[in-house]
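Below is one structure; the comments refer to it alone.
Every read-out reported here was derived from the displayed coordinates using simple, explicitly stated rules and does not represent laboratory data. What you are looking at is a predicted structure, and each value in this text was computed from that prediction instead of being measured. Positions of Cβ are generated from backbone atoms using ideal geometry, with glycine treated the same way; all protein chains shown enter the neighbour counts.
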Amino acid sequence: MREGGLNMTDTMTLDSQDLIKAHDLQGMLDKALSLPEQIEETPQYLQGFIPPGGEVRNVVILGMGGSRIGGDLIKAQYSQKLEVPFEVYPSYLIPGYVGRESLVIAVSYSGNTEETLTTFEQARAAGARMICISSGGALKEKAAQHGIPFIQIPGGLPPRAALGYIYTATSMALEKSGILENQDLARSETLALLKSLKSKWGPASPSTENPAKHCAEALHDRTVAIFASGAFTAAIAERWRCQLNENAKMVAYSNEFPEMNHNEVVGWTQPGKAYDQFHAVLLRDRDDLARVSQRIDFTKEVLEKRTAVSEFIAQGESSMARLFFLVYLGDIISVYCALLNGVNPTSIDIIDAMKEFLRNNRDESGLVK
Ligand code: PA5
């Protein structure tokens, strides 16, 4: 319970506009709901974009937090189709194989993230072919200084609320570089799907008919264990975790099948343990392997004996539509959880404090190798 005990907002439900007004001070719910509009808008920011030429033997995405998740989602979506290795590096160091035949995309929404600027310099020194994506900042300046193709996306949002811009700019850069096939059809389907979901999951749709509100009511006061049905849903589970962490200030973690069947499942079988502090979420997809589906069904019964379980299956035809169906749901749920927890979904005071601490305590000797 928060300091001061019960207050007005404790008695308000997600159907109350006053609850949104009381806590969503910078409009995170509207920003989360604007995902389809961001996807729709992004192609205009690639007008005139010319990718670096030449043969590509591997692709590396550099970025942190809300800026790297776009790369994770793309990797998860296309991993079975990609003809070259594709890695996302949220780190201070790039992998040793990066060289002249690497395509490196540096993504930082602010353009000022220390880790990304550091790995940008390492990739440039290694002679990689590069693309930069940001809303401005030092990354934009560095791209201009070195003649690196740059995609500018709109600023003014928390990075995690700019996923539509970040994902689409990264995906289109890869399409124009010949790494991915053209995704215009999948984008159209995704837009139509998300626009139809916006009213179903948005604030005007009452809790009794709204699966996003319903799920948030079950999750907001629990530790959330998110289980992905495989590599495709694993990146989505990671997005759910990050959004619950940052928007709702909740502890959550994610794991995936089949790996969790070889370790974590045992952790759910201790007699007398208070598992009801958790809420398990299963994220599934129609293309899950049949053998893995059997594993999930078995494990679901183990979990259900000990705690509450919610299950969501991706809907849509293309992998992009199915991916964003689950991402959009998780994003909206995370904001509803914030409101139910009585916290401002936009504030990330501890991340801001950490960045400030590092700015005031500069030791750059070990930054660039
Ligand atoms: O969601 C957030 O605000 C963070 O996870 C940021 O994305 C992260 O700190 C990196 O900043 P940027 O996205 O500006 O590079």
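Quick notes on this one:
- Dipole of region 293-369, positive direction: furthest Cα of Tyr328, Pro345, Val309, with charges on the beta-carbon: Val309
- Once the gyration tensor of the Cα atoms in the chain is diagonalised, the equivalent ellipsoid follows with semi-axes of 34, 24, 21 Å, ordered largest first.
- Top positive-direction residue, dipole computed over region 176-217 with Cβ charges, set Leu185, Ala216, Ser205: Ser205
- When only the Cβ of Lys, Arg, Asp and Glu is charged (+1, +1, -1, -1), the dipole of the chain relative to its Cα centre reaches about 440 debye.
- Taking the Cα centre of region 157-272 as reference, the dipole from Cβ charges on Lys and Arg (+1) and Asp and Glu (-1) amounts to some 420 debye.
- For the chain, built as a Gaussian network whose Cα springs stay under 10 Å, the top-fluctuating residue of Gln152, Gln80, Gln315: Gln80
- Evaluated with a Cβ-only charge set (Lys, Arg +1; Asp, Glu -1), region 246-316 carries a dipole of roughly 200 debye about its Cα centre, given to the nearest 20.
- CD proxy at 222 nm, helix term only [per DSSP H run n ≥ 4: -39500 (n - 2.57); per residue of the chain; nearest 500]: -13500 deg cm²/dmol
- Stretching the chain fully between Ser207 and Thr269 yields a gain of 19.0 nm (0.36 nm per residue, less the alpha carbon separation).
- Listed peptides 320-326, 217-223 appear in the order 320-326, 217-223 once ranked by packing, highest mean of other Cβ atoms within 10 Å at the front.
- 3J(HN,Hα) from dihedral phi, region 262-269, Karplus parametrisation 6.51/-1.76/1.60, rounded to Hz, x for glycine, proline: 9, 7, 4, 3, 5, x, 9, 10
- Per-residue ³J(HN,Hα) for region 210-219, Karplus 6.51 cos²θ - 1.76 cosθ + 1.60, θ = phi - 60°, Hz, x for Gly and Pro: 10, x, 5, 5, 4, 5, 4, 4, 7, 8
- For region 150-211, GluC sites (Glu not before Pro) are listed when DSSP marks them as loop and at most 15 other Cβ atoms sit within 10 Å of their Cβ; the list is Glu181.
- Cβ crowding within 10 Å averaged over residues, with 115-123, 271-279 ranked highest first: 115-123, 271-279
- Note on region 53-101 and region 124-185: Cα centroid distance 13 Å, given to the nearest whole angstrom.
- Applying 0.36 nm per residue to the separation of Asn360 and Ala22 and subtracting their alpha-carbon distance, the gain on full extension is 118.3 nm.
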